[in-house]
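S.K.: Submitted below is the structure of interest, expressed as structure tokens.
A short reminder: the numbers here are calculations on the coordinates, not readings from a lab. Please read all numbers here as calculations on a predicted model, not as lab measurements. Note: ideal-geometry Cβ built from the backbone for every residue, glycine included; neighbour counts use all protein chains shown.
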Amino acid sequence: MVPSLGNFSLFLSLLFAISQFIVSRKNKNLKFISISVIGLLISSLISFFLLMYSHVVSDFSVLNVFQNSHTTKPLLYKISGVWGNHEGSMLLWILVLTLFNYFIFKLFNKKNSIFILKTLEVQAFITIGFILFTVLTSNPFERMIPAQANGLGFNPILQDPALAIHPPLLYIGYVGLSAAFSLSVATLSLNNSEKIPWYNYMKPFVVAAWTFLTAGIALGSIWAYYELGWGGWWFWDPVENASFMPWLLGTALLHSLIVVEKRKSLQTWVLLLAILAFLLSVVGTFLVRSGILTSVHTFALDPSRGIYILIFTALIGVYSLTLFGSKSKKYFDNNYFTFFSKEGSILVNNILMIVVCATVFLGTIYPLLVEAFTNSKISVGEPYYNSTVIPIMIPAILIMGVGPMLSWGKENKSKVFKEILPNILLTILMTFFIFLIYKSYSVIGFAGIILAFWIIFNNLLMLIKKNRKYSISMIVAHLGVGLLILGITGSSVWQEEKIIKMKIDEKTKIEKYNIVFDKINEIRGPNYVALQGIFFVYDDKKNIVTKLKPENRFYPIENNFTTEASIHTNIFRDLYIVLGEGNSNDGWVVRIYYNPLVIWIWIGALVIFLGGITSININLKKLKILS
Amino acid sequence: MKKQLLIIPFIIFLFILLTFFYLLAIERNPSELPSNLLDKKIPKFETESLLKNERFISAKEFGKEKILVNFFATWCQPCRTEHTYIKRFSKEKGIRIIGINYKDNPKKAVEWLRKLGNPYSDVPVDKNGRIAIDWGVYGIPETFVINSNGIIKYRHIGPVTKKIYKKINLLISDIE
């Protein structure tokens with residue numbers, strides 16, 4: 001009964017989306033539009049929560065529940081299991097789409113009616129595309145007759161709190177970009193005789209998308225770091241790239257929007273970026289879910305899905321980009337910037353972000369291109385990305401440190417230099433201090449640390465000055481980026497890895513820490529059994545630092561092993577132990593990592609997120625005043 | 001600015017799109033990697049046999065007839081799913097299959113084969129994964145087709161599915 005209702009509700013939302021598309025084309029009749037928008041929101045809410053209900057009560061007459069759940073699974077993962085699989089995640093995607101659709105509708109007033117209606121029309125088209133996709137190729141309410149007594153279980157590697165909230169955040173990001181896309185298409189297709197400040201409408205959505213994408217990507221990294229047990233937090237996997245590329249374009253879009261807002265320049269550019277950012281999100285979805293690439297993320301694959309997403313991408317891509325090609329000329333301006341100004345610095349940063357994005361895109365699809373044209377297989381990995389992305393990022397971050405302090409238009413160079421002088425000194429001092437601690441020298445290490453403190457001190461100084469000229473959310477977000485760079489540099493340049501075979505009571509040394517393998521315990525979790533190694537960690541003065549307990553878990557229902565890394569964190573470093581295979585006679589394979597400054601990556605991401613959240617609020621207020 | 005420049009994004013987009021369509025249209029398996037060992041002699045190995053009381057010496061076994069080599073383990077879920085197809089190879093095609101038991105518990109493996117049926121003519125034991133490394137295996141299950149001269153003709157990574165079953169079947173009849 002409940003699954004049928006859910007299915008019915010899903011079809012109902014398809015109807016509402018179609019009616020929104022038709023009604024908003026015809027304009028005017030507000031009553032019908034509000035019925036469609038609200039109906040769409042409510043029906044997708046219902047279908048989403050009915051699927052969640054089926055998961056929570058373990059209704060194994062639903063194929064999706066049968067394939068991804070089990071009665072012994074903890075409640076949190078029964079809930080997150082709804083979007084931990086392809087079909088259910090589509091339902092979440094639709095829900096977020098309809099939520100944003102509703103937010104756009106709430107902006108409707110007499111002055112902007114034509115503009116908002118056009119936007120709603122485009123949004124309705126996108127929503128129809130996603131609902132149709134779900135209904136035709138991935139219906140989560142498909143039944144399983146006869147119902148089974150129990151389910152197949154949920155991939156244990158996905159049973160992790162960080163991964164439970166990672167997809168919703170990511171989808172808010174992608175869908176926020178869809179709003180920017182719709183606003184861009186609406187702007188291009190209308191004559192905008194009312195002179196509606198479309199960029200003011202676009203900005204809160206872009207800020208929201210960017211903020212949540214940042215948080216979503218960070219949580220994905222946290223999951224990889226804690227759960228995969230490979231000692232790292234970023235692997236340049238196609239799926240990671242699929243979220244990183246829209247983020248890069250989102251970053252460029254966000255900053256260019258400020259230029260449009262203040263100087264009315266770069267309008268054509270921003271309209272294009274808004275289109276590309278969303279198209280890239282959809283292409284990313286295609287890459288990940290069509291099975292065209294292999295990746296550590298295993299979505300259930302089905303070629304018909306790939307064809308469908310690609311056709312949908314083609315439709316919206318061809319439409320929006322031809323529209324851009326034919327209509328964007330009127331938004332073009334011939335304003336030239338001086339390099340040494342705020343808009344100049346933003347423009348340069350923009351270009352660098354685009355270059356990084358193109359580089360990552362090339363790396364991701366290059367194996368596919370090579371295969372299509374030469375029929376041979378190659379793979380592109382970390383060395384490519386490290387040697388291309390890092391050099392482009394360095395100037396971008398250098399500019400980021402000083403850009404916000406410059407004025408619009410033209411800047412007095414000596415005045416700026418005076419302003420940043422204390423910061424240069426502080427940066428040198430701190431860099432010196434850091435290298436006294438870590439005593440490991442490399443060019444990348446130097447560059448990274450200098451850049452990190454450069455950003456951190458510039459923003460701290462701005463914060464102290466309390467100059468009204470600077471937006472507080474910008475300072476906070478930039479400060480977060482500085483902390484992030486600190487963490488990234490420390491953990492990638494100074495990481496130490498040790499893989500050894502250890503027997504009980506044996507000891508080993510990493511950095512200044514002595515690690516003693518004390519014993520192996522057998523423990524029992526809610527839906528797994530585990531071997532737990534007990535390791536004592538002593539520092540160089542023989543004081544005990546901590547006890548680490550890495551686990552080797554076995555999930556009998558899924559017949560799957562996972563490793564739980566055990567990590568001791570402080571503000572200087574992480575100690576990270578993974579228990580591998582072995583037995584008491586031959587010893588156990590133990591992997592030990594010394595990862596400096598990792599915690600600053602997470603703190604940095606959190607600070608960026610906070611900055612973003614305050615900025616959404618500010619931009620929404622601005623928009624309210626305008627309309 | 002020239003108006004023509006504004007359609008560049010469209011052209012790039014179209015190019016990428018067509019590539020994707022092409023890749024979806026052609027028969028391809030993204031998890032299929034060409035093996036360095038393709039068309040080369042099998043790597044030699046010598047190890048215990050799970051079911052027999054004598055050592056398994058590869059030089060004695062290969063090079064007389066077509067053989068299928070299948071890396072498997074009881075802890076590997078996909079191995080269980082592909083097992084029906086492995087059994088069909090032995091039953092329907094009558095081909096000799098050597099199952100290399102990868103990093104497994106021997107007791108469990110014997111029990112597993114007793115329960116699910118044993119299509120293997122011999123089960124050499126790869127206790128610490130050394131043989132798998134020589135064969136370039138990086139994730140089980142993997143299946144190799146060896147011709148009667150002991151040369152590797154085909155390698156499949158991942159479980160044998162219906163489609164792969166048919167493909168390997170054709171291959172077995174084709175190679176000599």
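S.K.: Which residue, A:Gly151, A:Leu623, A:Thr98, has the largest displacement toward the positive end of the dipole of the protein assembly as shown when charges sit on each Cβ (Lys, Arg +1; Asp, Glu -1)?
M.R.: Projecting each Cα onto the dipole axis, the largest value belongs to A:Leu623.
S.K.: Moving on. Calculate log10 I(q)/I(0) of the range A:1-65 for q = 0.25 Å⁻¹, where I(q) comes from the Debye formula with a single equal point scatterer on each Cα and nothing for solvent.
M.R.: Treating every Cα as an identical point scatterer, log10 I(q)/I(0) equals -0.92.
S.K.: Each label point is 7 Å from the Cα along the Cα-to-Cβ direction; what then is the distance between the points at A:Asn29 and A:Asn191, in nm?
M.R.: For A:Asn29 paired with A:Asn191, the spin-label model returns 2.6 nm.
S.K.: Using only Cα atoms, locate the centre of the range A:246-264 and the centre of the range A:369-387, then give the distance between them in Å, rounded to an integer.
M.R.: 31
S.K.: Short version: what are the Cα gyration tensor semi-axes of chain A, square root of 5 times each eigenvalue, largest first, in whole Å?
M.R.: 41, 36, 20
S.K.: Among A:Ile613, A:Thr563, A:Asn595, whose Cα sits farthest toward the positive end of the charge dipole of the range A:562-627 (+1 at Cβ of Lys/Arg, -1 at Cβ of Asp/Glu, about the Cα centre)?
M.R.: A:Ile613
S.K.: I'd like the isolated cysteines in the protein assembly as shown, meaning no second cysteine's beta-carbon lies under 4.7 angstrom from theirs.
M.R.: Isolated Cys, the protein assembly as shown: A:Cys357.
S.K.: I've got another one for you. Along the charge dipole of chain B, pointing to its positive end and built from +1/-1 on Cβ of Lys, Arg, Asp and Glu, which listed residue (B:Asn53, B:Val123, B:Ile8) has its Cα farthest out?
M.R.: Looking along the dipole axis, the top candidate is B:Ile8.
S.K.: For a distance above 14 Å, tell me the whole-number percent of Cα pairs in the range A:360-415 that qualify.
M.R.: When every Cα pair of the range A:360-415 is considered, 68 percent fall beyond 14 Å.
S.K.: Suppose each label sits 7 Å from its Cα in the direction of the beta carbon; what would the A:Leu369-B:Ser173 distance come out to in nanometres?
M.R.: For A:Leu369 paired with B:Ser173, the spin-label model returns 4.2 nm.
S.K.: Which FRET efficiency value, to the nearest 0.05, do you get for A:Asn386 and B:Ala25 by plugging their Cβ-Cβ distance into 1/(1 + (r/R0)^6) with R0 = 30 Å?
M.R.: 0.30
S.K.: Kirkwood hydrodynamic radius (Cα pairs, Å) of the range A:1-159?
M.R.: The answer is 16.2 Å.
S.K.: By how many nm would the segment from A:Ile311 to A:Val348 grow when fully extended, if each residue of separation counts as 0.36 nm and the alpha-carbon distance is taken off?
M.R.: 9.8 nm
S.K.: What's the magnitude of the charge dipole for the range A:435-546 around its Cα centre, counting Lys and Arg as +1 and Asp and Glu as -1 at the beta-carbon? Answer in Debye, nearest 20.
M.R.: Roughly 460 debye for the range A:435-546.
S.K.: Taking each residue of A:323-331 in turn, how many C-beta atoms of other protein chains fall within 10 Å of its C-beta, and what is the average?
M.R.: Across A:323-331, the average partner-chain Cβ count within 10 Å equals 3.
S.K.: Would you kindly calculate the translational diffusion coefficient of the range B:34-174, applying Stokes-Einstein with the Kirkwood radius from alpha carbon pairs, for 37 °C and a viscosity of 0.692 mPa s, and quote it in µm² s⁻¹ without decimals?
M.R.: Roughly 221 µm²/s, to the nearest whole number.
S.K.: Here's something else I'd like to know. Take each of the peptides A:604-616, A:489-501, B:105-117, average the number of other beta-carbon atoms within 10 Å over its residues, and list them starting from the highest.
M.R.: Descending mean neighbour count gives A:604-616, A:489-501, B:105-117.
S.K.: Setting aside same-chain residues fewer than 8 positions from B:Lys60, which lysines have a Cα under 24 Å from its Cα?
M.R.: Reachable lysines: B:Lys40, B:Lys41, B:Lys44, B:Lys52, B:Lys87, B:Lys91, B:Lys93, B:Lys103, B:Lys127, B:Lys153.
S.K.: Does a label point 7 Å from the Cα of B:Ala59, set along Cα-to-beta-carbon, have any residues of the range B:141-161 with amide nitrogen under 20 Å, and which are they?
M.R.: B:147-152
S.K.: So what's the gap between the Cα centers of the range A:432-490 and the range B:115-176, to the nearest angstrom?
M.R.: Taking the Cα centre of the range B:115-176 as reference, the centre of the range A:432-490 is 54 Å away.
S.K.: Still on this model: If R₀ is 60 angstrom, what is the calculated FRET efficiency for the pair B:Glu46 and A:Asn617, using the beta carbon separation as r and rounding to 0.05?
M.R.: E(calc), rounded to 0.05, equals 0.30.
S.K.: Counting partner chain Cβ atoms within 10 Å of every residue's Cβ in A:364-370, what's the average?
M.R.: Mean shielding by partner chains, rounded to a whole number: 2.
S.K.: With the crude spin-label approximation of a point 7 Å out along Cα→Cβ, what separation in nm comes out for B:Lys93 versus A:Leu75?
M.R.: Each label point lies 7 Å from its Cα, and together they span 5.2 nm.
S.K.: In Å, what Kirkwood hydrodynamic radius results for the range B:94-164 from the alpha-carbon pair distances?
M.R.: 13.4
S.K.: Oh, and also: Where does chain B land at 222 nm, in deg cm²/dmol rounded to the nearest 500, when only DSSP H runs of n ≥ 4 count, each adding -39500 (n - 2.57), divided by all residues?
M.R.: Helix-only estimate at 222 nm: -10500 deg cm²/dmol.
S.K.: Follow-up question, since we're still on this one. Please tell me which of these pairs span more than 24 angstrom C-alpha to C-alpha: B:Lys108/B:Lys166; B:Lys64/B:Lys115; A:Lys498/A:Lys549; A:Lys106/A:Lys329; A:Lys106/A:Lys195?
M.R.: Checking Cα-Cα distances, B:Lys108/B:Lys166; B:Lys64/B:Lys115; A:Lys106/A:Lys329 exceed 24 Å.
S.K.: Hey, what D do you get for the range B:116-157 in µm²/s if you plug the Kirkwood alpha-carbon radius into Stokes-Einstein at 25 °C and 0.890 mPa s?
M.R.: 206
S.K.: If you don't mind, another one. Please work out the C-alpha center-to-center distance from the range A:208-244 to the range A:576-627 and express it in whole Å.
M.R.: With the range A:208-244 and the range A:576-627 each reduced to a Cα centre, they are spaced 8 Å.
S.K.: I'd like the per residue volume of the convex hull spanned by the Cα atoms of the range A:131-256, given in cubic angstrom.
M.R.: Measuring per residue, one finds 149 Å³ for the Cα hull of the range A:131-256.
S.K.: Between their Cα atoms, which of A:Lys203/A:Lys418; A:Lys519/A:Lys547; A:Lys73/A:Lys547 are more than 23 Å away from each other?
M.R.: The answer is A:Lys203/A:Lys418; A:Lys73/A:Lys547.
S.K.: If we sort A:73-79, A:371-377 on the protection proxy, mean other Cβ atoms within 10 Å, highest first, what's the order?
M.R.: Peptide ranking by packing, descending: A:73-79, A:371-377.
S.K.: If a/c stays under 1.5 just call it rounded; otherwise compare a/b with b/c (prolate if a/b is bigger, oblate if not). Do that for the range A:302-366, with a ≥ b ≥ c from the square roots of the Cα gyration tensor eigenvalues.
M.R.: oblate
S.K.: Give the share of C-alpha pairs in each 10 angstrom bin for the range A:390-549, from 0 to the last occupied bin, in whole percents, shortest bins first.
M.R.: The calculated distribution, bin by bin, is 9, 27, 22, 17, 15, 7, 2.
S.K.: What FRET efficiency do you get for A:Asn543 and A:Lys111 if R0 is 60 Å and r is their Cβ-Cβ distance, rounded to the nearest 0.05?
M.R.: The computed FRET efficiency comes out at 0.30.
S.K.: Treating each Cα of the range A:496-596 as an identical point scatterer and ignoring solvent, apply the Debye formula and state log10 I(q)/I(0) at q = 0.11, 0.17, 0.23 Å⁻¹.
M.R.: -0.32, -0.74, -1.22
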